[in-house]
Amino acid sequence: KSVMAAHNLLGNALKYTPAGGEVAVRAGFENGQLSVEVADNGIGIKSEEQELVFEKFYRAKDRRIANITGTGLGLSIAREVVRMHGGDIRLESQVDKGSTFTMTLPAKAA
């Protein structure tokens, strides 16, 4: 299940990073926690929408994503599954600079 969440984060990074952009994945284990970070230098997410992207069916109001398909369910489901296993997904983002999603899970759940 955590693999599905990581797959969603990576898929979104690839989908919302324009051609020529960069996506990086880092994974680590510290203090009994697995951490997977997916960072991109894509379009970014406005600060007022950063928590909203985790709500079911929410799609950012950025005109640049008008032609990108999606249901608005991926991040909601990914975060819900990760939280059910004692972890979380956090987001840091700046418009036009990119986004970093960090998924953490207790080792026993990973």
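The values are calculated or read from the model by the stated rules, or taken from the named source; none is laboratory data. Everything quoted here is computed from the prediction, not taken from an experiment. Quick reminder, even Gly has a Cβ in these numbers, built from the backbone with ideal geometry, and neighbours come from all protein chains shown. Each accessible area value is taken on the protein alone, full model and side chains, heavy atoms only, with ligands, DNA and RNA left out. Shrake-Rupley method; radii C 1.70, N 1.55, O 1.52, S 1.80 Å.
Below are the figures for this structure:
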| quantity | calculated |
| --- | --- |
| Set of lysines near Lys108 by C-alpha distance (under 27 Å), chain-local residues within fewer than 8 positions excluded | Lys1 |
| Overall Cα dimensions of the stretch 1-63 - principal axes, largest extent first, Å | 40, 30, 20 |
| All-pairs alpha carbon distance profile, the stretch 66-108, 10 Å steps from 0, percent | 24, 43, 27, 6 |
| Solvent-accessible area, 1.4 Å probe, carbon plus sulfur percent, for the stretch 12-58 | 52 |
| The stretch 58-83-the stretch 1-47 distance, computed between alpha-carbon centres (Å) | 14 |
| Loop-located GluC sites (Glu not before Pro) in the stretch 3-59 whose Cβ has at most 14 other Cβ within 10 Å (DSSP) | Glu22, Glu51, Glu55 |
| Using distinct alpha-carbon pairs, which all enter the 1/r mean, Kirkwood radius of the chain in Å | 14.1 |
